[in-house]
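K.L.:
Would you mind keeping the following structure in view while I ask a few things?
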Amino acid sequence: MPDGDLFASPSKDAVISGRQDADPAKVLHDVFGYSEFRPGQWPVIEAALAGEPVLAIMPTGGGKSLCYQLPALVRDDLSVVVSPLIALMRDQVANLTAAGVPAGTINSSNSPEENRQVFAALHNGELRVLYISPERLLTDDMLGRLRNLKPGRIAIDEAHCVSQWGHDFRPDYLRLSALAEHLPDVPRMALTATADAATQRDIVDKLFSGQDAKVFISGFDRPNIRLSIQPKASVKSQVLAFVRRHKGAAGIVYCRSRKRVEDAAATLQAEGIPALAYHAGMPGHERDANQDRFIAEDGLVMCATIAFGMGVDKPDIRFVCHHDLPGSIESYYQEIGRAGRDGDPAEALLLFGADDIKLRRDLIESSGKSPEQ
């Protein structure tokens, strides 16, 4: 998607304008191209359409985004979606635009002119889905705009970020509890792929302010992903053999450190495998360019730290390899969930060694979190 394409009007063939309470099944088919809902989607959508407070815990690749996108089209109103990552927002807007859904994003990477275009579309009632970061949502200016616009719902994606018990805590998410005060009449939804019991309680307490939220938990089994675990022997050879087994397919190799990312990418490239690198130490434009290539092109392998992945909605990722032990079960589940979103067979390989176990034990004992080294 070009940088300036942050808002798109629906095509003349779109079926989403000028109606109230459209048939959800018809919208599902005509806009998104599906003949039926995935397991767990309809109860969440039904509760959202009823304006009930909702916490939905659904597997990665289980169709969480449809649960807040489709109600906006059925009701012909606005879903405001809180998201933690710019890449996630832009990717979702691109997908909606391709489906003829008027969507936009307000974020720090936009130029003033881009933001102006999105605000104009918003105030003209043209948007159905608006993606925004928590810090931008909670500005006085944005809250004032939304009070006047009266959106149909606010969906808080990656809601586990609100919990200090979760694996990806973000302080900006804590401030979202203020939505109950500033926009009390706007129904709220919280969605995430992973949340243990303590995290679930934290999400409900902080985002629903005493409301009796409906909690929906879908099964976490992804039967199309084959899981395997190997002890480390010759790691480079193991990774290379695994990637070669999926020749021509898109995949991700997760590594613990920036250096290992670069080494893994170089090893694959030397063997004629198209591989890219992604880590927080790279210039932002180079990181973004590699992510855009990975999403748009076929058959690329992304070697990355955990900085890569959230919100990357590439349906045909066929494999995920963990070069090193993940930081937690939740992280592992999130990361392998990038694979097989199209429902076709995929494979995940986890390599582990004594050094991984020692590092994790040291971090637990020091109550630290795994750094991106």
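K.L.:
Look through the stretch 104-128, keep the residues that are over 19 Å from Ile86 (Cβ atoms) and in a loop (DSSP other than H, G, I, E, B), and return whichever of them is modelled with the highest pLDDT.
P.N.:
Applying the filter and picking the extreme gives Arg128.
K.L.:
Regarding Gln211, is this residue polar (S, T, N, Q) and in a loop (DSSP other than H, G, I, E, B)? Full working, then the answer.
P.N.:
On the way: polar (S, T, N, Q): yes; in a loop (DSSP other than H, G, I, E, B): yes.
In short, yes.
K.L.:
Could I ask something else about it? What helices (runs of 4 or more DSSP H) completely inside the stretch 278-373 contain at least 2 residues that are at pLDDT below 75?
P.N.:
Of the helices (runs of 4 or more DSSP H) lying wholly inside the stretch 278-373, those with at least 2 residues that are at pLDDT below 75 span 354-365.
K.L.:
Could you give me the residue pairs with C-beta distances under 7 Å whose first residue belongs to the stretch 150-176 and is over 20 Å from Leu66 (Cα atoms) and among the β-branched types (Val, Ile, Thr), whose second residue is open to solvent by 10 Å² or more (accessible area, probe 1.4 Å) and modelled with pLDDT under 95 wherever it lies, and which are 6+ apart or on separate chains?
P.N.:
Going by the 7 Å Cβ cut-off, the qualifying pairs are Val162/Leu174; Val162/Asp202; Val162/Lys206.
K.L.:
Restrict the check to the stretch 82-97 and report whether at least one residue is at pLDDT 95 or above and either within 19 Å of Thr194 (Cβ to Cβ) or not in a helix (DSSP H, G or I) (or both).
P.N.:
yes
K.L.:
Which residues, taken from the stretch 99-138, are closer than 26 Å to Val162 by Cβ, open to solvent by 50 Å² or more (accessible area, probe 1.4 Å) and out of contact with any Ser or Thr (no Cβ under 8 Å at 6 or more places or on another chain)?
P.N.:
Of everything in the stretch 99-138, those that are closer than 26 Å to Val162 by Cβ, open to solvent by 50 Å² or more (accessible area, probe 1.4 Å) and out of contact with any Ser or Thr (no Cβ under 8 Å at 6 or more places or on another chain) turn out to be Ser109, Glu135.
K.L.:
So, Ser79, is that one among the small types (Gly, Ala, Ser), surrounded by fewer than 21 Cβ atoms within 10 Å (Cβ to Cβ) and over 16 Å from Val312 (Cα atoms) or not?
P.N.:
Working: among the small types (Gly, Ala, Ser): yes; surrounded by fewer than 21 Cβ atoms within 10 Å (Cβ to Cβ): no; over 16 Å from Val312 (Cα atoms): yes.
Against the criterion (among the small types (Gly, Ala, Ser), surrounded by fewer than 21 Cβ atoms within 10 Å (Cβ to Cβ) and over 16 Å from Val312 (Cα atoms)), Ser79 does not qualify.
K.L.:
If you scan the stretch 281-310, which residues turn out to be exposed (fewer than 15 other Cβ atoms within 10 Å of the Cβ) and within 16 Å of Gly251 (Cβ to Cβ)?
P.N.:
Arg293, Ala296, Glu297, Asp298, Gly299, listed by residue number.
K.L.:
Please verify whether the stretch 65-75 includes one or more residues that are among the polar types (S, T, N, Q), more than 13 Å from the chain's Cα centre (by Cα) and open to solvent by less than 40 Å² (accessible area, probe 1.4 Å).
P.N.:
If we filter the stretch 65-75 for residues that are among the polar types (S, T, N, Q), which is where we start, we get 65, 69.
Now narrow it down to the ones that are more than 13 Å from the chain's Cα centre (by Cα): 69.
Applying the additional criterion that residues be open to solvent by less than 40 Å² (accessible area, probe 1.4 Å) yields 69.
Yes, because at least one residue in the stretch 65-75 is among the polar types (S, T, N, Q), more than 13 Å from the chain's Cα centre (by Cα) and open to solvent by less than 40 Å² (accessible area, probe 1.4 Å).
K.L.:
If you don't mind, another one. Tell me which of these Leu146 doesn't satisfy, since it passes every other one: (1) touching a Leu at 6+ places or on another chain (Cβ under 7 Å); (2) open to solvent by less than 30 Å² (accessible area, probe 1.4 Å); (3) closer than 25 Å to Ala339 by Cα; (4) not basic (Lys, Arg).
P.N.:
Against the list (1) touching a Leu at 6+ places or on another chain (Cβ under 7 Å); (2) open to solvent by less than 30 Å² (accessible area, probe 1.4 Å); (3) closer than 25 Å to Ala339 by Cα; (4) not basic (Lys, Arg), Leu146 comes up short only on (3).
K.L.:
Given the options Gly272, Gly248, name the one that is without any contact (Cβ under 8 Å) to a residue 24 or more places away in the chain, out of contact with any helix residue (DSSP H, G or I) (no Cβ under 9 Å at 6 or more places or on another chain), part of a loop (DSSP other than H, G, I, E, B) and open to solvent by 50 Å² or more (accessible area, probe 1.4 Å).
P.N.:
Working: Gly248 fails: without any contact (Cβ under 8 Å) to a residue 24 or more places away in the chain.
Unique residue meeting the criteria: Gly272.
K.L.:
Ok, one more. When you scan the stretch 199-217, how many residues do you find that are open to solvent by less than 30 Å² (accessible area, probe 1.4 Å) and at pLDDT below 90? Write out each step before concluding.
P.N.:
Filtering the stretch 199-217 for residues open to solvent by less than 30 Å² (accessible area, probe 1.4 Å) gives 199, 202-203, 207-208, 213.
Next, from what is left, pick out any that are at pLDDT below 90: 199.
Residues in the stretch 199-217 being open to solvent by less than 30 Å² (accessible area, probe 1.4 Å) and at pLDDT below 90: 1 in total.
K.L.:
Determine whether Asp316 is open to solvent by 50 Å² or more (accessible area, probe 1.4 Å) and free of Cβ contacts under 8 Å to residues at least 60 places away in the same chain. Full working, then the answer.
P.N.:
Details: open to solvent by 50 Å² or more (accessible area, probe 1.4 Å): yes; free of Cβ contacts under 8 Å to residues at least 60 places away in the same chain: no.
Answer is no for this residue.
The values are calculated or read from the model by the stated rules, or taken from the named source; none is laboratory data. None of these values were measured; they are calculated from a predicted model. Cβ sites come from the backbone with ideal geometry, for glycine too, and all protein chains shown count toward neighbours. Just the protein is used for accessible areas: all its heavy atoms, side chains included, with ligands, DNA and RNA removed. Shrake-Rupley method; radii C 1.70, N 1.55, O 1.52, S 1.80 Å.
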